[in-house]
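None of the figures in this text is laboratory data; all of them are computed from the coordinates on show. Since this is a predicted model, take the numbers as computed values, not measurements. All Cβ positions, even for glycine, are placed from backbone atoms using ideal geometry, and neighbour counts span all protein chains on display.
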Amino acid sequence: MAVIIAVLAFGFLFSCALSLANARHMGARAARGLPAGLEGWFDRDRIAAMVEYNRANAGLGCWGGAVSLAAAAVILASGFLPWLARNLSGTATHPGLQGLAALLVPLFLLHLAGLPASLASSFGIEKRFGFSTITPKTWAADQAKGLLVSGLLMGLLFLGFYLFIGWLGRWWWLAAWGLVMTFSVLLVFVAPVWLAPLFNKFKPLADPELGEKILSLARKAEFPLAGVFQMDASRRSTHDNAYFTGLGKTRRIVFYDTMLKSYSHGELLAVLGHEIGHWKLGHIPRMLGTSALASGLALYLAAQVMARPWLYESIGLAKIYANMGLEGPVVGLALLVASMLFSPLGLMLSPLTSWLSRRHEYQADAYSLGLHPEPEDMKTALRKLGGRNLSNLFPHPLYVAFHYSHPPLLARLEAIDKLGA
């Protein structure tokens, strides 16, 4: 028990220390003034807001992490898990459904523990800095729909895992790995069409002139465009963004409606070229491959831990495990605790995955400049994104290594200047 809680505490303390170091580094660097590439784009008030916004988010992240850690410790140490297992095993439901309930009930409690931080972010920090436009009704609907969708997907995965554990014994993780990857690929296909519309409305671009320019750029890139859409992001936030999603006939590029109101056609075409670059350069299959390796390693380690009696002794399930083996609610709780035990694994692997993602971003920028050879359009779009989103202009290098999927703004601008030269 102590080992599991210590592992969770390590993950929390490491993440919080990184966030606080990042905030201190940002403040010290901002006090020295702006580099040449940003002068004229960010005034003193904007820089002060950027520092305050990122410090507030760092503090909230540490506070929310502490609450979640405390909730996990209570769930593990209070005897709640053995009590839950005993009560579920005494019901007349199918053992697989008992296991699913044993997994979902603690996860739901942990979700509840995270709600205060979510509320403080949406209706506190994001409101205070002029970003959040979400209403309590929309927020509550998002929470309900998110729980339903994640519960359904997790339920399907768990029932597959449960069957594989019964059929294949210690080799269950291989079949589970295949199931996870099948789900991952299917979600890339179906999420843009079935899941994303549950939360936002998507419609074709309202600007016909921009639409024609986009089609022309897509033809130039030989990009089989399934659609370019604008999303009603302004219902929740004034943050700007654009992204590429889907595969095959569900492939699409999405602009936030907030972005379409504030960027020139040239700047939007530069962003579009970047997103096309991700497809042309095969970044999505590569990231899926990286995810496959990480999930395979996690499932293998989970299988090794779940085969050890000490896991069940540590959480008070030794007698129940001795009586029924890896059946019913024991399966759900074993998967839950194994996932907790290896939760820092994702954090330790993040420097590799983040580096790969940042490398892809540089490559997509370079592709965009070849497709739309107007470096100032790309640079202006990036400056606007950074300024309007109050992005940290001076992140700590270690924080970048662990958490930045995109290069910092200054690094991207310097790379574009080198490419232009």
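Details
- Percent of Cα pairs exceeding the 17 Å cut-off, where the set is segment 160-311: 68 percent
- Tensor-based shape of segment 19-68 (alpha-carbon gyration tensor, a/c under 1.5 rounded, otherwise prolate or oblate): prolate
- Taking 13 Å as the cut-off, no amide N atom of segment 325-346 comes nearer than this to a point 7 Å along the Cα-to-beta-carbon line of LEU186.
- Cut-off 13 Å between beta-carbons: net charge of the residues surrounding GLY420, Lys and Arg +1, Asp and Glu -1: -3
- At least 30 Å along the helix axis (C-alpha) and Kyte average at least 0.5, DSSP helices within the chain: 2-30, 44-77, 95-120, 136-168, 283-306
- Using R0 = 30 Å, the C-beta based FRET efficiency linking ASN323 and VAL74 works out to 0.70.
- Placed amide H near MET231: partners under 5 Å, 5+ positions off or other chain: PHE255, TYR256, ASP257
- Rounded to two decimals, the Cα-based Rg/Rh of segment 328-390, with Kirkwood Rh, is 1.32.
- Working note: 222 nm ellipticity from helices only, DSSP H runs with n ≥ 4, each -39,500 (n - 2.57), summed and divided by the residues of the chain, gives -24000 deg cm²/dmol to the nearest 500.
- Modelled spin labels at MET348 and VAL149, positioned 7 Å past Cα toward Cβ, are 3.2 nm from each other.
- Considering only GLY155, GLY79, GLY61, the Gaussian network model of the chain with Cα springs below 10 Å gives its largest mean-square fluctuation to GLY79.
- Label zone at ALA49, where the point sits 7 Å out along the Cα-to-Cβ direction: segment 390-409 residues whose backbone N lies under 16 Å: 390-393
- Gyration tensor (alpha-carbon) shape descriptor, segment 1-88, a/c threshold 1.5: prolate
- The lysines within cross-link reach of LYS220, meaning a Cα-to-Cα straight distance under 19 Å and a gap of 8 or more places when in the same chain, are LYS280.
- Electrostatic tally near LEU352: other residues with Cβ closer than 14 Å to its Cβ, Lys and Arg +1, Asp and Glu -1, net +3.
- With both labels modelled 7 Å from their Cα along Cα-to-Cβ, the THR135 to TRP63 distance reads 2.7 nm.
- Taking a ≥ b ≥ c as the square roots of the eigenvalues of the alpha carbon gyration tensor, segment 273-404 is prolate, as a/c is not under 1.5 and a/b beats b/c.
- Computed 3J(HN,Hα) for segment 238-251, one whole-Hz value per residue from the Karplus formula 6.51 cos²θ - 1.76 cosθ + 1.60 where θ = phi - 60°, is 9, 4, 9, 5, 8, 7, 10, 8, x, 9, x, 6, 9, 5, glycine and proline marked x.
- Violating pairs (Cα-Cα greater than 20 angstrom) within the set LYS137/LYS201; LYS127/LYS201; LYS261/LYS379; LYS213/LYS261: LYS127/LYS201
- The label-point distance for LEU168 and SER295, in a model that sets each label 7 Å from Cα toward Cβ, rounds to 1.3 nm.
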